[in-house]
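Undergrad: Here it is: the structure, laid out below.
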Ligand SMILES: [Zn+2]
């Protein structure tokens, strides 16, 4: 599933291609992927509007028109939002919505498994009021104080709390496992044991990991591609995610997989001790 670095890579590669272009027509091929207030309405999905900017909060994108309309896109498990010529889109299956933007230029939402979707809103205020205000701060912007406060509200395992989009928006299984490894934290450490100094260290590491991953174009495991159809390269830099049974890159001990918060979790038993992480 695309996480913050993948979605940010889509945002950057898309913005350069669509900002300033007018959406002449919106084709909805599968109505149920369009949700929210303006459900199923092409006009609510920026038809007739010029694209002003592409925003991101956590794992969600919002394409904003210059009349204020918003198409909020969640890529889900297998979704992609791409932009290109008629030829680039020709022959693709599972294309559910197409934004026609003039001469041989279109943006399309494709999602084979349909866990993603598009929410149309009449304004940015409506987007925030109905959807984005329910999320925690973006993982690239959260402060140590806010992270500590949100984590200290729960006794859940640290991994479970970090996956919760209301605590911090943008992290998923890949980047939580990577963050816990570089901060030497056991995935099952209680979230309410995180003090201010540790929260500050987590914020620094989180920003560094996310920045490196964005610079590498995100992680491609199966389906993820950016808005121009390119795969990411950060999967080659993962320290623990996807490396069960392989030697730890720091201490050489075999990495172990457990299940925490219902998710496969890979960690190092030496670098991430259960007691007294740090
Ligand atoms: Zn290790």
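Undergrad: Within the stretch 208-226, is there a residue that is within 14 Å of the ligand (Cβ to nearest atom), surrounded by fewer than 17 Cβ atoms within 10 Å (Cβ to Cβ) and not in a loop (DSSP other than H, G, I, E, B)?
TA: no
Undergrad: Select from the stretch 1-59 the residues that are part of a strand (DSSP E or B), closer than 30 Å to residue 174 by Cα, modelled with pLDDT of 95 or more and in contact with a strand residue (DSSP E or B) (Cβ under 6 Å, 6 or more places away or on another chain) and list them in ascending order. Please lay out each step first, then the result.
TA: Start the filter on the stretch 1-59 by keeping residues that are part of a strand (DSSP E or B), which leaves 22, 25-28, 34-35, 50-57.
From what is left, the residues that are closer than 30 Å to residue 174 by Cα are 34-35, 53-57.
If we keep only those that are modelled with pLDDT of 95 or more too, we end up with 53-57.
53, 54, 55, 57 - these are the residues of the stretch 1-59 that are part of a strand (DSSP E or B), closer than 30 Å to residue 174 by Cα, modelled with pLDDT of 95 or more and in contact with a strand residue (DSSP E or B) (Cβ under 6 Å, 6 or more places away or on another chain).
Undergrad: What tally of residues in the stretch 88-125 results from selecting those that are farther than 21 Å from residue 57 by Cβ and free of Cβ contacts under 8 Å to residues at least 12 places away in the same chain?
TA: 3
Undergrad: Go through the stretch 229-240 and count every residue that is in contact (Cβ under 8 Å) with a residue 24 or more places away in the chain and out of contact with any strand residue (DSSP E or B) (no Cβ under 7 Å at 6 or more places or on another chain).
TA: Restricting attention to the stretch 229-240, the residues satisfying the condition of being in contact (Cβ under 8 Å) with a residue 24 or more places away in the chain are 229-230, 232, 234, 237-240.
Now drop any that are not out of contact with any strand residue (DSSP E or B) (no Cβ under 7 Å at 6 or more places or on another chain), which leaves 230, 232, 234, 237-239.
Final tally of qualifying residues: 6.
Undergrad: Also, quick follow-up: Identify all residues within the stretch 245-278 that are more than 8 Å from the ligand (Cβ to nearest atom), touching a strand residue (DSSP E or B) at 6+ places or on another chain (Cβ under 9 Å) and on the phi < 0 side of the Ramachandran plot; write none if there are none.
TA: Correct list: 246, 247, 254, 256, 257, 258, 259, 260, 264, 265, 266, 267.
The values are calculated or read from the model by the stated rules, or taken from the named source; none is laboratory data. Values in this document were obtained by computation on a predicted structure and should not be read as measured data. In this analysis, Cβ positions are derived from the backbone assuming ideal geometry, glycine residues included, and neighbour counts consider all displayed protein chains.
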